[in-house]
Amino acid sequence: METLETPTESLRIPVTGMSCAACAQSVETILTKQPGVENTTVNFADESARIVFNPQQTSLEKLQKAVQGIGYGLIIDAENAQEKQAEYKENRLKILQSNLIWSALLTIPVVGLGMVWMDWPPANYLMWGLSTPVLFWFGRKFFVNAVKQARFGQTSMDTLVAMSTGIAYAFSVFNTLYPEFWHQRGLHPHVYFEAAAVVVTFILLGKWLEERAKSNTSSAIKKLMGLQPQTVIRIENGEEVQVPLAEVGVGDRLLVRPGDKIPVDGQVKSGHSYVDESMISGEPIPVEKTKGTKVFAGTVNQQGSFHFIAQKVGSDTLLAQIIRQVQEAQGSKAPIQRLVDKIAGIFVPVVLGIAVLTFLVWWLIGGENALTYALLNAVTVLVIACPCALGLATPTAIMVGVGKGAENGILIKDAESLERAYRMDTLILDKTGTITEGKPSVTDSQWNDEAWKPVLLGLESQSTHPLAQAIVQALKAEKVKPAAVPALENVPGKGIRGQVEGVVFRAGSPRWMEEEGVVLDHWPVEQWQNQARTVIVLAREQEVLAVLAINDPIKAHSKEAITQLRKQGVQVLMLTGDNAQTAAQVASEVGVTEFRAEVLPGDKAEVVKAYQSQGKVVAMVGDGINDSQALAQADVSIAMGHGSDVAMDVAKMTLISGDLLQLPKALRISRLTVHAIRQNLFWAFIYNIIGIPIAAGVLYPLNGFLLNPMIAGAAMALSSVSVVMNSLRLKYRRV
């Protein structure tokens, strides 16, 4: 029976209305429960949800309605989602600022009355009147969200704020209206309007500071998105016409003047200049552009002017792909975040339980003013507990770390690889295209008869291997015409075999030739290999027809990069399909003490496995299709930006400029990010571990100390701000 595959869609959708990690957990839970939703990841820091769903079973409208039901929102406008989210955030910050100002203006006299004129007869009624709008207008969102979430059995920080301030307010209203209830029992009826108002004001202040700080964590994306110009000069019938960027199409001829930003990806048609590509490659030195060279959207022209033909526009440009990948990486979750999410999910119910326990204990053994103490301490527990800091600890650091990587030309695909790179202790480097330039050229050749050149060209012109391309270029430069090779077989890691007029020819490594019974005596194979050159042999059956020496220059910074990595405690290993002599020479020149030569593509993955079986955390760096299997096997996979699309698709990190010096930078960024996460989690946990017992009154039997709810509110607000600020320190660290 034929089965049809169920198509799924994966979308990143902005979420609105979240105020803490528990909110993100609530949104994730409700989305996951919807029919047709296969997977959901909600990121509190960048306020987005990655949803994998079956469009035949559900729709974005249904998902939006489900999320709205618990007090949040989804922006499902695919074309303008980013703009709408930015607009929403801007409006929210303005509303938050306005609420904060008005709340503070009303709270100040409440505090004055509560602290100085508490015995003045109308004081309680004035405080009641002033604090009511603070709680139920400027702080109404806490109560609305708490009620909506309660309907679905969910809790969040809003629940804690609403319960603590609501209880303090209701108790105060009762005491204002019925003071004789306490007088008859010989007690003074205290009111706590000032505590409720101050808590709301402090939390509004904390949320305002938090929102401002969070907006800075995505500054890397904003910088990248601002790199493209709004208008472009297009050449139409020989005339220069200024048109909007959106009207540029593939094949258009565009003019770039000195100082202009390049609008789309393309190829230079005429002119000469130098272009600053540092924002997408991390390489500070301007790159020369002449006829035939590639240019990329978002880079800045320095001196001359040139014409180029648009080849990729809109979402197809390299810049657009980088922005998309950085956004996805910033929205992904590190493994440690999943544990934190579980803790945040049960945090609020646990705090509610502690608050109830605090109330009961104080009520039962609190002495003369037991009920007052019980109420105040329970409220203080609710106020000081803050899941926000826990929720922000990991995603804010990840967002800054991924953004810093992008600014340095290191494209990080997900948070998991950024976290894993911290633990990496073994680095395996492919030689060709990674340590070397990957631009080999033929330096020497020896033929028994140059009449075989067309055969060699016919064989090699059907291979995409860099060594084959080097031979093709050399022979084409000599105006050689390729022979027809109708039957051809590529032998991975060894060479190529084909038939010309019924005769079998091989072109490949000396080792393969020897395996096939070809005798290489009297040919300068060993001599050239000892000079760090790769040797290719052309043979007819068992007869050698020619040998060629190919040289691939070592990159300028390879040795320095490897030295830095070894200083950072990383074991560096080189793999190559090349012969042992060439591998030994290259390894010696760049300072690699351990290498494996004549490694077939499939064997590279086995080498990675072998190190992993020793308990090593292995990173693999490569640039070719033949590295993709090893890249997929490695714990951390890193592709070179100039390499094959397959390698970059498989790898979790890409060094855009192909400069190996970006490797130690990537490692430092990973270490700084993980350190920031650990610091954030430590302070978030220690804050609650110390703060909640003190709020419950554990110090009272020792020294009579009880925490004021107002101080608790300030501490709660500042704990979240401190976590975000600690993450932002990453932006200013040198890597």
Over the stretch 249-281, the set of residues in a strand (DSSP E or B) and open to solvent by 50 Å² or more (accessible area, probe 1.4 Å) is ARG253, LYS261, GLN267, LYS269, TYR274
From the option list THR593, THR576, single residue qualifying as out of contact with any Leu (no Cβ under 7 Å at 6 or more places or on another chain), modelled with pLDDT of 85 or more, of a type in the set (Ser, Thr, Tyr) and open to solvent by 40 Å² or more (accessible area, probe 1.4 Å) is THR593
The helices (runs of 4 or more DSSP H) lying entirely within the stretch 415-488 that contain at least 3 residues which are open to solvent by 30 Å² or more (accessible area, probe 1.4 Å) and modelled with pLDDT under 90 are 415-423, 466-477
Looking across the stretch 21-67 at residues that are open to solvent by 10 Å² or more (accessible area, probe 1.4 Å), among the hydroxyl-bearing types (Ser, Thr, Tyr) and part of a helix (DSSP H, G or I), the single one that is farthest from ILE677 (Cα to Cα) is THR32
* To do: Report whether or not VAL674 is within 19 Å of ARG423 (Cβ to Cβ), of a type in the set (A, V, I, L, M), open to solvent by less than 30 Å² (accessible area, probe 1.4 Å) and touching a residue at least 12 places away in the same chain (Cβ under 8 Å).
  => yes
Among helices (runs of 4 or more DSSP H) entirely within the stretch 508-568, at least 2 residues that are at pLDDT 90 or above and under 42 Å from the mean Cα position of the chain (by Cα) occur in 558-567
Of the residues in the stretch 626-659 that are assigned to a loop (DSSP other than H, G, I, E, B) and at pLDDT 90 or above, the one that is surrounded by the fewest Cβ atoms within 10 Å (Cβ to Cβ) is ASP635
Reported set for the stretch 557-597 where residues are farther than 21 Å from ASN530 by Cα, aliphatic (A, V, I, L, M) and out of contact with any Gly (no Cβ under 6 Å at 6 or more places or on another chain) is ALA561, LEU565, VAL570, VAL572
Could you tell me whether GLU526 is under 28 Å from TRP452 (Cβ atoms), open to solvent by 50 Å² or more (accessible area, probe 1.4 Å) and either among the small types (Gly, Ala, Ser) or in contact with a helix residue (DSSP H, G or I) (Cβ under 8 Å, 6 or more places away or on another chain) (or both)?
yes
Scanning the stretch 316-333 residue by residue, the ones that are closer than 21 Å to ILE13 by Cβ and either outside any helix (DSSP H, G or I) or at pLDDT 80 or above (or both) total 3
Taking the stretch 226-248 and the residues there that are at pLDDT below 80 and surrounded by 15 or more Cβ atoms within 10 Å (Cβ to Cβ), the one that is farthest from ALA104 (Cα to Cα) would be GLN228
Next on the checklist: With the structure loaded, tell me whether VAL599 is under 26 Å from LEU488 (Cβ atoms) and assigned by the TED database to the domain that holds LEU427 or whether it fails that test.
Outcome noted: yes
Every listed condition ((1) assigned to a helix (DSSP H, G or I); (2) touching a Phe, Trp or Tyr at 6+ places or on another chain (Cβ under 7 Å)) holds for ILE70 save (1)
Taking the stretch 225-246 and keeping residues farther than 13 Å from GLY314 by Cβ, in contact with a strand residue (DSSP E or B) (Cβ under 8 Å, 6 or more places away or on another chain) and not acidic (Asp, Glu) leaves LEU227, PRO229, GLN230, THR231, ILE233, ARG234, ILE235, VAL241, GLN242, VAL243
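The values are calculated or read from the model by the stated rules, or taken from the named source; none is laboratory data. Keep in mind it's a predicted model, so treat the numbers as computed, not measured. Glycine also receives a Cβ, built like all others from the backbone with ideal geometry; neighbour counts cover every protein chain displayed. Please note that ligands, DNA and RNA were not included when accessible areas were found on the heavy atoms of the full protein model with its side chains. Shrake-Rupley method; radii C 1.70, N 1.55, O 1.52, S 1.80 Å.
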